Amino acid sequence: MNDRHSAPGHACDDRLDPDDRLDPGHGLDPGHGLDPGHGLDPGHGPEGEGEGPGSGQERDHRRLGRALGLFDTDPLIGAGLPYWLPDGAIVRHTLEEYVRETERAAGYRHVYSPVLGKRELYEISGHWAHYSEDMFPPMELGAEQVVLRPSLCPHHALIYRSRSRSYRELPLRIAELGGMYRSEPSGVLGGLTRVRAIQLNDAHVFCTLEQAVDEARAALALIARAYADLGIRASRHRLSLPGEGGKYVADPELWRRATALLREVLDGAGVAYEEAEGEAAFYGPKIDVQITDRAGREATLSTVQIDFHQPERFDLHYVGADGAKHRPVMVHRSVLGSVERVVAHLIEEHGGAFPVWLAPVQLVVLPVSQAQRDAAEELVGRASAAGLRAELADPEQGSLGARVRAARLAPYQAVIGEREARAERAALRLRDGRRPGELPVGDLVGRIAERAAARGTALWD
């Protein structure tokens, strides 16, 4: 090969076929994108990585998600019931573990509860009277009727009620990543954003009235931190209030108290917000954290609510310092909302080039020829042992340039030629086009593992 094409200090460049060389400014030759049938625009990358303008259609998660092998649907399973493919399952699992870890650090305790409940449960909670049109019909089991749950709140109220509680236990923070079901009309279903089977990141804090504002404000802080780690941004915060003609609980004092507390939460957090009538839950007002997709469509991702209704309906109590029974306040909060909706937004926001810690494949190792395959396999093994998701791009898959292009969404690519194999090093290139150069394989694995553990959206220091 002619070394005059190589950038100083970047040994991998001289192994690329002349027509496959990468543009130093962008990391991709403008003429070489993914196959147009894959629906990926080669000019698009994650924020801060040479991002192109991108239209809503080009970033549509339904198109990208299938092209990237993240999820799909089948008419025999049914509309609004997507299934997750291996790479999509990695993203989902990583998100779920992230939120569990974040919640544990914030003092939450995790539970599991069944996706079914007797109809009576939802009559007590108020869902049957105010929300039954969005629920699946009851199933007859002998003399009982059971229902696929439309929310996790009633189950968590019963978990709280399962034994006597003392004021010393409060705030009691209960969290769950659980399934729930909504009987959505077929006309509103779409990809992952509107589905009938939902995996919800949900939590309920049972606390005293004096603790409610601080707990709700802490929930907003968790949401802000998660958005930063995921590389997404809220378009606005909305205080959702009841409107005319809606099916709302008829208790003006309940609404007044809960609304006043939520305003205090928002004002104290210094968060700008807008009030919107007709957007409240049937049992109380809520703070909605809104996101906007590439097509300009707005949706609610995260919520925080202060609820006086459910504790009263389920007759919840705690024993206070005075020895008397008192009613707790129930703070509902969801940091990521539904797993389906947040993944849809991440696909569109990042164009499939997920942050390092979320990427289905974090490191692709590319031996220049079969002679370096053993060294490449050893690097893949070391990376996997360090907890990274690494793959080998075998020379049989095509030229080095073709393999680099095929791996363009992976955050890191490590090229191993004859010189690197002898020195137990690899030439590293980043998804954004930067080339840190040759690194000892141990240092390379350690640096990438540090970035993945740190989360966030940065690729390199």
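The values are calculated or read from the model by the stated rules, or taken from the named source; none is laboratory data. Predicted model, so just to flag it, every value in this text is computed and none were measured. Glycine gets a Cβ as well: all are built from the backbone with ideal geometry, and neighbour counts include every protein chain shown. Surface accessibility is based on the protein's heavy atoms, side chains included, excluding ligands, DNA and RNA. Shrake-Rupley method; radii C 1.70, N 1.55, O 1.52, S 1.80 Å.
Hey, can you tell me all the residues within the stretch 426-457 that are touching a residue at least 60 places away in the same chain (Cβ under 8 Å) and in a strand (DSSP E or B)?
426, 427, 429, 430, 437, 438
Determine whether residue 324 is aliphatic (A, V, I, L, M), open to solvent by 20 Å² or more (accessible area, probe 1.4 Å) and at pLDDT below 90. Lay out the reasoning, then the answer.
On the way: aliphatic (A, V, I, L, M): yes; open to solvent by 20 Å² or more (accessible area, probe 1.4 Å): yes; at pLDDT below 90: no.
Considered against the rule, which asks whether it is aliphatic (A, V, I, L, M), open to solvent by 20 Å² or more (accessible area, probe 1.4 Å) and at pLDDT below 90, residue 324 comes out as no.
In the stretch 410-425, what residues are more than 14 Å from residue 390 (Cα to Cα) and touching a residue at least 24 places away in the same chain (Cβ under 8 Å)?
Answer for the stretch 410-425, where residues must be more than 14 Å from residue 390 (Cα to Cα) and touching a residue at least 24 places away in the same chain (Cβ under 8 Å): 416, 417, 418, 419, 420, 421, 424.
Could you figure out which of (1) over 30 Å from residue 111 (Cβ atoms); (2) over 16 Å from the mean Cα position of the chain (by Cα) isn't true of residue 61?
(2)
Any idea which of (1) modelled with pLDDT of 95 or more; (2) under 27 Å from the mean Cα position of the chain (by Cα) is the one residue 461 doesn't satisfy?
Of everything listed in (1) modelled with pLDDT of 95 or more; (2) under 27 Å from the mean Cα position of the chain (by Cα), residue 461 misses just condition (1).
Looking only at residues in the stretch 242-271 that are within 26 Å of the chain's Cα centre (by Cα) and either in a helix (DSSP H, G or I) or modelled with pLDDT of 95 or more (or both), which one is surrounded by the fewest Cβ atoms within 10 Å (Cβ to Cβ)?
269
Is it the case that residue 437 is touching a Pro at 6+ places or on another chain (Cβ under 8 Å) and surrounded by fewer than 21 Cβ atoms within 10 Å (Cβ to Cβ)?
For residue 437, the condition - touching a Pro at 6+ places or on another chain (Cβ under 8 Å) and surrounded by fewer than 21 Cβ atoms within 10 Å (Cβ to Cβ) - is not met.
What number of residues within the stretch 388-430 are over 28 Å from the mean Cα position of the chain (by Cα), open to solvent by 10 Å² or more (accessible area, probe 1.4 Å) and among the acidic types (Asp, Glu)?
Result for the stretch 388-430: 4.
The rows are residues; the columns are (1) touching a Lys or Arg at 6+ places or on another chain (Cβ under 6 Å); (2) open to solvent by 60 Å² or more (accessible area, probe 1.4 Å); (3) over 30 Å from residue 95 (Cα atoms).
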residue	(1), (2), (3)
128	no, no, yes
136	no, no, no
139	no, yes, yes
142	no, yes, yes
163	no, yes, yes
167	no, yes, yes
178	no, no, no
183	no, no, no
191	yes, no, no
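For the stretch 371-387, how many residues meet the condition of being in contact with a helix residue (DSSP H, G or I) (Cβ under 6 Å, 6 or more places away or on another chain) and of a type outside the set (D, E, K, R)? Full working, then the answer.
At the first step, the residues of the stretch 371-387 found to be in contact with a helix residue (DSSP H, G or I) (Cβ under 6 Å, 6 or more places away or on another chain) are 372, 375, 379, 382-383, 386.
Restricting the remaining residues to those that are of a type outside the set (D, E, K, R) gives 372, 375, 379, 383, 386.
Matching residues across the stretch 371-387 total 5.
Name every residue in the stretch 73-114 that is more than 19 Å from the chain's Cα centre (by Cα) and open to solvent by less than 50 Å² (accessible area, probe 1.4 Å), in order of residue number.
Of everything in the stretch 73-114, those that are more than 19 Å from the chain's Cα centre (by Cα) and open to solvent by less than 50 Å² (accessible area, probe 1.4 Å) turn out to be 78, 107, 111, 113.
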